[in-house]
Amino acid sequence: MTDPTPADLPVCRSCGQSLGGRYCAHCGQASSTARLSFRAILGQVVESVFELDSPFLRTVVDLTRRPGTVCREYVAGRRRQYASPFKYCLIMAALYVVALNWFDVDLSKRINTQVGGETEVQAAAVQALVQEITVFVRSHLNSFIFFALPVLALLLRGLFRRAGLNVAEHYAFALFVFGQRTLFLTLLVPFGIMEWPQAVVPIATIEIIYTTWAALRFYGVGWFAALWRIIVAQLVLVVVMGVLAGATAIVLFGPRMREAMRAGGAPQGASPSAVETADPSDGPPVDPGDIAPDDVSSR
């Protein structure tokens, strides 16, 4: 039996080279190229994310152990071993949203709003809407952070101007750090910690400490120099996110806000006496026809 000639061998559909095993020796693509299916696509995603030698998993581990070094090496050109910062932050934001929905986290437990109104009905309507808006903002918090990060990059360039980095390099640092911070929040979701009102301050403190730790190595400054700059950057980021969230709330909930403010008012044309409440001690109203003559004369 003769060996197959090169013309008889299957060829790689990516590079056209002859195949002699499970993978192409020229480009590395698998020899088996069955038709696409949702199962195959999902398998490729899981394999690329959780493969032991994958850049993504290495980025997760190294950002936990030495975040500033990862950012510094990526900016310096050692990028093959790490995931793209934009892709990394985007995936972590998506995982956070999936976790919130999967574990049915009720963020309204962290909200305690008291809204005054002209009537109890109006106050209840306004309070319910405020609670709904707050839950919406908290559920999409990572989306607001994602769009606010370019502003943060500009701010970091001003705060760390002696580092000699451009805006894109500051942006890569912000994406890596906030992607990892989002991963930490995602890990807390199954334990219900995200629903605790008392967890807000400790979580914010840990996030600032982690970001400061990353800035030490990335910017090459001391603890105090990094800490006050990161706190300033965090406060400005909160303001920017507040503006974005407020604008989004006005666009999405504006008509309902106006309706809630009008809800529960007195009927049009009603006089003040018509809506007065009777004193329970006066007893039920008396019809004049029911009063006996003797009662009238005695009165």
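ALA204 falls short of the stated requirement of being within 23 Å of LEU235 (Cα to Cα), at pLDDT 95 or above and assigned to a helix (DSSP H, G or I).
Exactly one residue out of LEU244, LEU235, LEU252 is crowded, with 16+ Cβ neighbours inside 10 Å, of a type outside the set (Gly, Ala, Ser) and modelled with pLDDT under 95: that is LEU244. For region 168-190, the set of residues classified as more than 18 Å from the chain's Cα centre (by Cα) and loosely packed, with under 14 Cβ neighbours inside 10 Å consists of ALA168 only.
What number of residues in region 154-201 are closer than 26 Å to PHE56 by Cα, part of a helix (DSSP H, G or I) and not charged (D, E, K, R)? The number of residues fulfilling the criteria is 25.
Residue-wise test of (1) of a type in the set (A, V, I, L, M, F, W, C); (2) touching a residue at least 60 places away in the same chain (Cβ under 8 Å); (3) out of contact with any strand residue (DSSP E or B) (no Cβ under 9 Å at 6 or more places or on another chain).
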{"site": "THR134", "(1), (2), (3)": "no, no, yes"}
{"site": "LEU141", "(1), (2), (3)": "yes, yes, yes"}
{"site": "PHE147", "(1), (2), (3)": "yes, yes, yes"}
{"site": "ALA153", "(1), (2), (3)": "yes, no, yes"}
{"site": "ARG161", "(1), (2), (3)": "no, no, yes"}
{"site": "LEU165", "(1), (2), (3)": "yes, yes, yes"}
{"site": "HIS170", "(1), (2), (3)": "no, no, yes"}
{"site": "LEU175", "(1), (2), (3)": "yes, yes, yes"}
{"site": "LEU183", "(1), (2), (3)": "yes, yes, yes"}
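Where helices (runs of 4 or more DSSP H) fall entirely within region 40-153, those with at least 3 residues that are modelled with pLDDT of 85 or more and either under 15 Å from the mean Cα position of the chain (by Cα) or among the β-branched types (Val, Ile, Thr) (or both) are at 55-65, 67-76, 85-102.
The values are calculated or read from the model by the stated rules, or taken from the named source; none is laboratory data. As the structure is a computational prediction, the values presented were derived from the model and not from experiment. Cβ coordinates were reconstructed from backbone atoms using ideal geometry, including for glycine residues, and neighbour counts include every protein chain displayed.
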